[in-house]
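Heads up, the thing below is written out as structure tokens.
The values are calculated or read from the model by the stated rules, or taken from the named source; none is laboratory data. Every value quoted in this text rests on a predicted model; they were computed, and no experiment measured them. Using ideal geometry, Cβ is built from the backbone for each residue, glycine included, and neighbour counts are taken over all protein chains shown. Heavy atoms of the whole protein, side chains included, go into the accessibility calculation; ligands, DNA and RNA do not. Shrake-Rupley method; radii C 1.70, N 1.55, O 1.52, S 1.80 Å.
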Amino acid sequence: LFEATYPDSASHARSWNTLDERLNAIPGQQGAALTSVLPGFWGSYQNFAVEGKTYATEQDYPATRQVAVTPTWFPTFGVKAIEGRLLGPGDIGGALPVAVVTQGFANAAFAGGSPVGQRIRFGGPETKEPWLTVIGVIPDVWFDGTENKDALRKAVITPIAQGDYRFLSIAVAAKGDPMALAAPVQEAVSGIDPDQPIYFVRTLAQAIEQSGWFY
């Protein structure tokens, strides 16, 4: 979203909400969502703290991948909760800050115990980030690239509506040829803002393959 057209968080949120609704109304799709990073790519790498634990130095804070999504991300990718619940339409700005975590994150951060109801916070000792209540656990998802298949796939999933994002990826699941939905997706975007471009229109398999190319 260009800053001149979308100068603040409120304008960002309105644009993403409208786009999410339009994407999910496209005929021939069986799920559409917005996300800060696609599966198979690298989520934002963040230090975090678990409430109630102490860390002697800044270097002692653990780290994880952080990904923001709209609630429709879960059905779009066929991801179901192992424990607790998934993000929903009520998880918006002004509501309780929440997160869903992968099983790998739960095992690493909570020693195999249940993380649901526990709180985590991104950043180090000087962070001003809010505490996030963990509301659910999902199976591991590749948000750490695909090179190291033995890596523990730790990730924290947060609501886009509780953050502020200017760049997001669109994910649309198709009933048939996925590229047949490229034009309708473009129309959904241009119907909101005819000057807004879309970059890198491709299947997820193509995107993952191309991400491994070296020039």
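Please go through (1) open to solvent by 60 Å² or more (accessible area, probe 1.4 Å); (2) free of Cβ contacts under 8 Å to residues at least 40 places away in the same chain; (3) closer than 24 Å to residue 18 by Cβ; (4) under 18 Å from the mean Cα position of the chain (by Cα) for residue 129 and return the number of the only condition it doesn't satisfy.
(3)
Filter the stretch 43-90 for residues that are touching a residue at least 24 places away in the same chain (Cβ under 8 Å), surrounded by fewer than 21 Cβ atoms within 10 Å (Cβ to Cβ) and among the aromatic types (Phe, Trp, Tyr) and give the result.
55, 61, 77
Across the stretch 166-197, what is the number of residues that are outside any strand (DSSP E or B), closer than 14 Å to residue 19 by Cα, open to solvent by 50 Å² or more (accessible area, probe 1.4 Å) and not polar (S, T, N, Q)?
Residues flagged as outside any strand (DSSP E or B), closer than 14 Å to residue 19 by Cα, open to solvent by 50 Å² or more (accessible area, probe 1.4 Å) and not polar (S, T, N, Q) within the stretch 166-197 amount to 5.
Taking the stretch 198-215 as the search range and keeping residues that are in a loop (DSSP other than H, G, I, E, B) and among the β-branched types (Val, Ile, Thr), which one is surrounded by the most Cβ atoms within 10 Å (Cβ to Cβ)?
201
Can you tell me which residue within the stretch 10-30, out of those that are of a type in the set (Gly, Ala, Ser) and touching a Gly at 6+ places or on another chain (Cβ under 8 Å), is surrounded by the most Cβ atoms within 10 Å (Cβ to Cβ)?
The qualifying residue surrounded by the most Cβ atoms within 10 Å (Cβ to Cβ) is 13.
Got a number for residues in the stretch 91-126 being touching a Leu at 6+ places or on another chain (Cβ under 7 Å) and in contact (Cβ under 8 Å) with a residue 60 or more places away in the chain?
So the count comes out to 5.
Does residue 5 satisfy the criteria of being open to solvent by 40 Å² or more (accessible area, probe 1.4 Å) and in contact with a helix residue (DSSP H, G or I) (Cβ under 9 Å, 6 or more places away or on another chain)?
Here the answer is yes, as residue 5 does meet what is asked.
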